[in-house]
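Working notes for the structure below.
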Amino acid sequence: MSMKILVPIKRVVDYNVKIRVKADNSAVELDNVKMSMNPFDEIAVEEAVRLKEAGVAVEVVVVTCGIAAAQDILRSALALGADRAILVEVDVAQSETLQPLAVAKLLKAVVGQEQPGLVICGKQAIDDDANQTGQMLAALQGWPQATFASKVVIADGKATVTREVDGGLETLAVTLPAVISTDLRLNEPRYATLPNIMKAKKKPLNILTAASLGVDVAPRLITRSVNEPPKRTAGIRVGDVAQLVDKLKNEAKII
């Protein structure tokens, strides 16, 4: 079985960067901050490339919705082995309020053009932790979905997916086309080699717009304020168990 795999990816603040909130508490500070591909999306790209290498897929197409600068993560995905890239470009103001439902609608339009047999995406982005886009896309498409995948096997027009749930592991079989979202233990993404980075510069990258896809990306939710978590207070040392129990009961009031 050979098919096309579409992999949506997102440009986020690099996971090594300490997040800072803007002075007006309107959003997270993005100016002069290192950005990179969402780590869960790297896993999705790796899985798609492995399926292609195994002969299951003939083409891997990556897509992102964002500003022009988001082309950098598309080139990174191409260097990892994807064949083509699509940027659905929005302006800076739109990108700051681009929400999962709008992204899912944009992806639905791209799916309509590309007709993939499988969509693999990261289970969530590390910036908003929404964990919504893959599920929304599956609902809009009317496709089966398997989230939090730790193992994927494609055969006979079906994907057998082992997924991580609170109680352990669950195995599902979904008929293709379908949407799969990746969890951390699915694979270990490869590093891009210098020759592949150079090749990625010549691979096709197509630019679309939300307007050309006929999608309204206006936000449905309003962010009232963004605040840093409270600083942890210093701990104290207690003399014995009786004192510990007393403080837990009378000061912390948790027993």
(request) Would you order R75, R224 from fewest to most other beta-carbon atoms within 10 Å of each residue's own beta-carbon? (result) R224, R75
(message) Taking the beta-carbon count within 10 Å as an exposure proxy, list R220, R190, R11 from fewest neighbours to most.
(response) R220, R190, R11
(request) Using Cα positions and a limit of under 13 Å, work out the aspartates and glutamates in reach of K199, with same-chain residues fewer than 8 apart set aside. (result) D83
(message) So if I restrict to the alpha-carbon atoms in the chain, what is the Rg, and what is Dmax, the biggest pairwise distance, in Å?
(response) 21.2, 70
(request) Return the single residue from L184, L169, L74 with maximal mean-square fluctuation; model: Gaussian network over the chain, springs between Cα atoms under 10 Å. (result) L169
(request) Would you mind counting up the charge near R163? Only other residues with Cβ under 13 Å from its Cβ, with Lys and Arg at +1 and Asp and Glu at -1. (result) -1
(request) Whole Å is fine, so just give me how far the alpha carbon centre of the stretch 89-131 lies from that of the stretch 1-67. (result) 10
(request) Grab the other residues whose beta carbon is less than 10 angstrom from that of D183, score K and R as +1, D and E as -1, and report the net. (result) +3
(message) I'd like the antiparallel share, as a percent to the nearest 5, of DSSP beta bridges with both residues in the stretch 42-171.
(response) 60
(message) If each DSSP helix of 4+ residues adds -39,500 (n - 2.57) and the sum is divided by the residues in the chain, what number results at 222 nm, nearest 500 deg cm²/dmol?
(response) -8000 deg cm²/dmol
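Since every read-out is calculated from the coordinates, none of them should be taken as a lab result. What you see is a predicted model; the values in this text were computed from it and never measured. Reconstructed Cβ throughout: ideal geometry from the backbone, glycine too, with neighbour counts over all protein chains shown.
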